[in-house]
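Presented below is the structure to which this report refers.
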Amino acid sequence: MRARLSPIDGGPPIELVKELTVVGRNDDCDVCIDHKSVSKLHCVLVRTDGLVLVRDLGSTNGTRVNGQRVRRAALLPNDLIGIAGYRYRVKFGSEPEAPAEKAAGPAARDAADEPDDTPAPEPSPLKNKEPEPPLKRNALPDVIDEPKKG
């Protein structure tokens, strides 16, 4: 499935052509954002069926999903991802780029923020499925609580 990050503040979209995409300031990154606010190795994006997973790599200025700073998160269609000061909207499939998002102003953006009412497909039951071992809780929280400024 095609996935891309469409910039909110202008600029070219980022096509996620690889299953694993490293984003950062370093020239060796798959997506190089040459700005001092972006860490050398900022985050990694993993493309899977129907969603993109993001994992912050200990960046200084953080990775945000829908305004919340995260260590890791699943990105769904139309989610907003912030990489340091750069903001992108997550797009899937063959949706055309909407230049109206920039030109039409808040009304067009509000319409794009409405959730998709399409029901998710039911998972198919597997025959002879082995019982799954219990999940271990991750010691690090997925969401980072930022200190309140006072």
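Where a number appears in this text, it was derived from the coordinates with a stated rule and is not lab data. Please read these numbers as outputs of a predicted model, since none were measured by experiment. Here Cβ is always computed from backbone atoms with ideal geometry, including for glycine, and neighbour counts include all displayed protein chains.
Listing for the model above:
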{"quantity": "Size-normalised alpha-carbon gyration radius of the stretch 1-85, reference 2.2 N^0.38 Å", "calculated": "0.98"}
{"quantity": "Distance between modelled label sites at Ser37 and Asn66, nm, 7 Å Cα→Cβ extension", "calculated": "2.3"}
